[in-house]
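The values are calculated or read from the model by the stated rules, or taken from the named source; none is laboratory data. Small disclaimer: the values here were computed from a predicted structure and weren't measured. So basically every Cβ, Gly included, is an ideal-geometry build from the backbone, and we count neighbours across all protein chains shown. Note: accessible area is taken over every heavy atom of the protein model, side chains too, but ligands, DNA and RNA are not part of it. Shrake-Rupley method; radii C 1.70, N 1.55, O 1.52, S 1.80 Å.
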Amino acid sequence: MTEEVERGRGTPNGLGRVPLPRAWTAPVRAMSRILNTDGDQQSGATVPADERSSVVDCALYVDGIRQSGDWNYAEALRAARAKRDSFVWLGLHEPTLTQMTGIAQTYGLHELAVEDAVKAQQRPKLERFGDVSFLALRTARYCEHAELTEHSEVVETGQVMLFIGPQFVISVRHGDACRLAPVRADLESKQDLLLHGPWAVAYGVTDRVVDLYLEVADKVEDDLDILETEVFDRQSHGRIQRIYQMKRELVEFKRAVVPLQRPLMTLTAQMNRDVPKEVRRYFRDVQDHLTRTVEQVNSYDDLLNSILQARLAQVTVDQNNDMRKIAAWAGIAAVWTAIAGIYGMNFEVMPELKMRYGYPVVLALMLTISLALYRWFRRKGWL
């Protein structure tokens, strides 16, 4: 087979394919070897059923306007390369490695980035593979619950990965923490923004993810207020397991929020020529919102540590109070035990043994001493 056929400029049966840049052929061949598929798979109008199952939406945008019609990813990319100021937005939901094969070949995606997009266990990061940038985001959503328990799920996390190329953007979503249909609808109503191409879509998705961070942070604050009130409410017996559960959920949320700072710093840097200048301004607004969220999360972490320490201190104080009460009652009981023990000895010659009123006198003495000790312990706060 000739090199022209290998690179997609022609196929043995005459069907056309989307031409790939020479720099992308190595990743494509490597991906084909990994998946044990034919590297010369056609990218025509017919898309295999297993690939269609992961495609949520595929749209072609020309001059910021979505073009009518149903597009498959190969046809849409060919049309985008045939027109100026056009790009493709391909949306995927939880694709498998097999389902990503034809897409990776058609769009020239690097095998390492494709593997990361399928596994969906990535920290927020920004990487570049040739002309394609790979942006990984962690999504978060607040889980409503009637009452916070030691098993409550407070924050649900997911992942969104973006492949941003010269004339395409591919969004890969895992989980339901952040649905992208509202983002697409909002961007399609802003033609001026979509004129900036694929990076406008990257901004829209990132902005939506960070906005959800703010919503989660505000609702987590309400849960922390409830925990704090219960800890310092003397009528309440807040279980310490709930505090640990809240701390685990906050750690999960923190893992999504804090690492995103570095990718956003890269996107907003002046020396970054990949992102259009106008879009960088929008990313700076997202960075401001993210900074606010990071500050909130850090303050929540400190507050939760303080709540936990306060609860542990209360447990210690309650234990000390219980021990003092036990000791006070033991002191009162010791009076009865001591007097009864003395007169329980089997001696014939003992004072007051022959007294007519000895028994009631001794009972009255024990009761009097006990009442005196009780009043004394009450004044000292032991009872």
Can you pull out the chymotrypsin sites (Phe, Trp or Tyr not before Pro) in region 321-354 whose DSSP state is coil and whose Cβ has at most 12 other Cβ atoms within 10 Å?
PHE347
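Tally Lys/Arg at +1 and Asp/Glu at -1 over every other residue whose Cβ is under 12 Å from the Cβ of HIS289; what's the total? All intermediate terms of the calculation are to be shown ahead of the outcome.
Values: positive: ARG208, ARG284, ARG292; negative: ASP207, ASP211, GLU215, ASP285, ASP288, GLU295.
So the surrounding residues net to -3.
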Apportionment of accessible area to carbon and sulfur, region 140-278, percent (1.4 Å):
48
If each K or R counts +1 and each D or E counts -1, the residues other than LYS83 whose Cβ falls under 15 Å of its Cβ total +1
In whole angstrom, how far apart do the alpha carbon centroids of region 318-383 and region 160-239 sit?
69
Length gained, MET355-ASP301, 0.36 nm per residue minus C-alpha separation, equals 12.2 nm
Sort the following peptides by mean Cβ neighbour count (other Cβ atoms within 10 Å, averaged over residues), highest first: 201-207, 150-156.
201-207, 150-156
List the trypsin sites (Lys or Arg not before Pro) within region 294-383 that fall in a DSSP loop (any state other than H, G, I, E or B) and whose Cβ has at most 12 other Cβ atoms within 10 Å.
LYS354, ARG356
Quick one: net charge around ASN272, please, counting Lys, Arg +1 and Asp, Glu -1 for every other residue with C-beta under 14 Å from its C-beta.
+4
